[in-house]
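Read-outs: derived from the displayed coordinates by stated rules, not from any lab. The structure displayed is predicted, hence computed values, not measured ones. Glycine gets a Cβ as well: all are built from the backbone with ideal geometry, and neighbour counts include every protein chain shown.
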Amino acid sequence: MKKLILMILSFFSLHAFAQKEKANSFIEKGNKYYRNHEMTLAENEYKKALAADPGNETAGFNLANTLYRQNKQIDAARLLLSMSSQSNNKSLLAKIFYNQGVILSKQKNLEQSIEAYKNALRNDATDKEARENLQKALLELKQKKQPEKKENKKQQKPDEQKDKSPSSMSQKEVSQRLKLLEEKEREIKKRVQKDKANSEGGAKGKDW
């Protein structure tokens, strides 16, 4: 029984080794196509490598780069996201998060790209490019928010210029308005009385 178990384990080990070798062969071919800018062919080879060895991180990472080069940014981002949740390799994670940041920045998802660059630096604090791109993304986000603040202020100004309701006016303003109304009312009364007097005087002196 022990011999049978050992034989089975040996078989699976040999099979796994053979699959890894097969995957590495596909990766090498894919890398050649990638260097020659033949991205479609490179993509196919990396997919073959993943079919032979699904957990092959090199094949997955290179496939994501190939997808990005073909403007398949959403597919690349999804693949990188999946890899980031499965890998424990800090060096690889730093590269994965860095590439995520690049893709998200290109899509103008600045807040998410900032978080991706931060994650890249958490896994590799010496990554100068990640640090530089993080600073650029932070600056771009700040510049983007400034016009929004100005627009909000412009929208608030018309409301401020509207006539104030009595409830929002101070007691001093209310008394001033009442005073003005009283003065206008007195002026109107004077005019009415004057017009009445002129009318009566004219009737008396009128030559029929």
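With the contact rule set at Cα under 8 Å and sequence spacing of 6 or more, what percent relative contact order holds for the range 18-71? Each step should come with its number before you reach the end.
Working: 60 pairs, mean separation 20.5, N = 54.
With pairs under 8 Å counted, the relative contact order is 38 percent.
Applied to the range 108-118, the Karplus parametrisation 6.51 cos²θ - 1.76 cosθ + 1.60 on θ = phi - 60° returns per-residue 3J(HN,Hα) values of 6, 8, 5, 5, 6, 5, 4, 5, 5, 5, 5 Hz, with x for Gly and Pro.
Need one word for the range 10-114: rounded, prolate or oblate. Basis is the Cα gyration tensor (sqrt eigenvalues a ≥ b ≥ c); a/c below 1.5 gives rounded, then a/b vs b/c decides. Oblate shape, in that a/c is at least 1.5 and b/c is the bigger or equal ratio.
The modelled label-to-label distance for the pair ASN89/ARG122, using points 7 Å beyond Cα in the direction of Cβ, is 2.0 nm.
Applying the Karplus relation 6.51 cos²θ - 1.76 cosθ + 1.60 with θ = phi - 60° to the range 67-76 yields 3J(HN,Hα) values of 4, 4, 5, 9, 6, 9, 5, 5, 5, 5 Hz, where x marks Gly and Pro. In terms of distances greater than 26 angstrom between alpha carbons, the cross-link table entries LYS106/LYS145; LYS47/LYS118; LYS32/LYS108 yield LYS47/LYS118; LYS32/LYS108. In percent, rounded to a whole number, the relative contact order of the range 92-150 is 32, using alpha-carbon pairs under 8 Å and six or more apart.
Near ALA137: Cβ cut-off under 13 Å, other residues only, Lys/Arg at +1 and Asp/Glu at -1. The net charge is +3.
Computed over neighbours whose Cβ is under 13 Å from that of GLU111, the net charge equals +3, Lys and Arg +1, Asp and Glu -1.
The separation of the range 19-51 from the range 70-106, counted between C-alpha centres, amounts to 18 Å.
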